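What follows draws every value from the coordinates through simple rules; no lab data is involved. In this text, all values refer to a predicted model and were calculated from it rather than measured experimentally. All Cβ positions, even for glycine, are placed from backbone atoms using ideal geometry, and neighbour counts span all protein chains on display.
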Amino acid sequence: MAAEGTKVAEPVDGKAAEAAPRHPCFDVLSMMAEVVNALAEERAQGGMLRLEDLKRILEMTKGAGSPLARAFASQEGKCRRAFRPATRHASSRNDVFRRLMVRPFETLLEGEPPAFPRCFLANYFELVEAAFGDKFKSYDDRSREIFQDMLVIHGNDLAWDVFFNDARTRAVLGHALTRLMHYIESPAGQWAWLTCLNRQNVDGAKPSSEQADLILSTLRTTRKALGPMVEKKA
C-alpha cells in the first residue's frame, strides 16, 4: 500500500440529505456518488484508497457501458421536460387585441426588476386607444375572430405562442403597428405619446424617458420585421 492515499468519504447523513433541495434531474448525481463510494469501499484497505485506484474507478464510471452512462441517458429526457418553460395557455377571457399589442415587448415585462413594469401598461393602452379611435373595435373583433377559430381547432391546448405565430394574427399585428407608428409620428400622436407615457399611475409612478424610448424602439423594430403584410391574403 502506498504511503500516500485518499481517504474514503463517509456516507452522507440521511437527515442532512433530506434537508437539501432536491430535483429529479439531479437524482443521477446521487447514483454516481453511491457507485463511486461502493467501488471505493470495495478497493480500500484500512480506510485508504490509492490515487491510482481512484482514477481507475472514475474511468470505469464514465465508460459507455457503465450503469452511470445508462442512467444519464435515461435521465436526459426527464431533465428536458423538467426545465422546459411552462406553456402559456390562451384563454378567451383575456383581452386578445390588447395582448397582441403587447406582444412586441412582452419580454420587457419580465425579470426583477422588469425593464417596463406592468403597472405602466395602462399608459400604453391609453395611447393605443387614441391611435385607433373608432377603428379599435374592428381590430379587436378581427383578433377575437382569429382566436375563436383557432380555439375550435386546438381547444384548451391553444397556447399564446401558437396564436401569436399564426399568419393571420401576424398580419393583424403588422397592420396595427403600421397604424400606431403613423399616429405616433403625427403632431397629435407625438403630443399623445408624451401625455400618456408621462401620466402617473395611482402609486405616483410613471415611465421614465428611457423606458418610453425602449418601448418605441421595440415597436418600430417589430413593425419593420413584420414587413408589408396584408391581412386579406391570410
Taking every pair of alpha-carbon atoms in segment 96-233, give the share separated by more than 23 Å as a whole percent. 35 percent
How charged is the neighbourhood of LEU194? Take every other residue with its Cβ under 15 Å from the Cβ of LEU194, and add Lys/Arg as +1 and Asp/Glu as -1. -2
So for segment 84-206, averaging the separation of alpha carbon pairs under 8 Å that are six or more residues apart and normalising by length, what relative contact order in percent results? 35 percent
Sequence ranges 124-131, 214-221, 105-112, ranked by mean other-Cβ count within 10 angstrom, highest first: 124-131, 214-221, 105-112
